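This report refers to the structure that appears directly beneath it.
No value in this document is a laboratory result; all are computed from the given coordinates. Note that the structure is predicted; figures quoted are calculated from it, not measured. Note that each Cβ is placed from the backbone with ideal geometry, even for glycine, and that neighbours are counted across all protein chains shown.
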Amino acid sequence: MISESDLLAALHYGYEGYISNGYLRRDELPGYASQLKEDLDWIGLESFKLLPPKKIRVRIGSGFYKIPIVRYHFGEDRNSFEKALPFSSKFELLTKANTEGTGFNSEDLRWVCDVFRTARNKLPHLWLKDKRLKNDLQHPRKHINAIAELFWLGLWNDVVPETIAHEHSLLPKPDDLATYSKTVDWSMLTIPIDQSGRQHRVNLEVKNLTSSVEYALFNQHRSEAANQMDLDRFVTDALRGTAKFPNVISDDINLVCFSTFLNVPCALQSLASAVLNKYPSVDAVLFWIVFGDTHQNWQVFSRQLDEWQNRKSSIIDRLFERPSYRQAKPLLFTHPLWGLLPWQQY
């Protein structure tokens, strides 16, 4: 397993910009490295290996910058994009059954360090303790998705940490002999946030849109008809696995949260509308666009029906901390994404 000193050296490089800009003190990094070492030892991720550090030219807002990045490798080499061939590149993206997570078998160490540090604060009763959470983070095919779920959990303020539940069952089965067969990724209670002193339950179902990698790469310069077909398929693909909320309207605030590589407003609007139309108990659909460009990297589409639904929307607006550029993944800042993969770099 990786040593703490190697992690510290990698974090010095990965956090270089934050240190030089005064957002982080260099003497804080030994504590970061110590905690990250404990986290990784607990997870036991298969074939963990640091990749050589490098600086990449990325677009942040309206400017281009060179930023340091340190990534780590995990899982099997056969799923690495480096092993793909130019003539089969699109085919391999279309057949993601043989890929891990979003099709990458590596992740950004600095970004993951931030996510894990937030998880420690949000989940004192689960972090380094919960076997199911550990198994999700340990499994190569679930690792990136599990990190995305933790990332979304960290975006909610004014919640009671001890009430956060992982893989939470929403309703009992009709015979009351077992819990409802569907579970959501996270459920939590807020602190009292109005004069009534009432707490609100928030349920999150997180989806990492692997198919959005393909659309972000290949939807450029297509005909209008082809783009419409792609949009329809994008919505259909994204709806799979979202049937987690029972068809019962309740006082719970039910949210579907998508991480997407595609930043096309009409596509996100169409997907949000499809989810809200299909599942009447879902109160809002949220998007995090994992690379940055000149637009904001989040979208919220709330259901607007009546006074109580509007009240739910105002609670979402208060609790949800919009992700900033710090939360984004540096490798995917580049827009358009073409040029990301090895066979596109000739």
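Here the gap between residue 5 and residue 269, fully extended at 0.36 nm per residue and compared with their Cα-Cα distance, gives a gain of 90.4 nm.
Peptides 273-286, 186-199 ranked from most to least packed by the mean count of surrounding Cβ atoms within 10 Å: 273-286, 186-199.
Positive contributions from Lys and Arg (+1) and negative ones from Asp and Glu (-1), summed over other residues with Cβ under 11 Å from the Cβ of residue 149, come out at -2. Approximating the spin labels as points 7 Å out from Cα along Cα→Cβ, the residue 199-to-residue 162 distance works out to 0.9 nm.
Judged by the ratio a/c of the largest to the smallest principal axis of the C-alpha gyration tensor, segment 112-156 counts as oblate, that ratio being 1.5 or greater while a/b is no larger than b/c.
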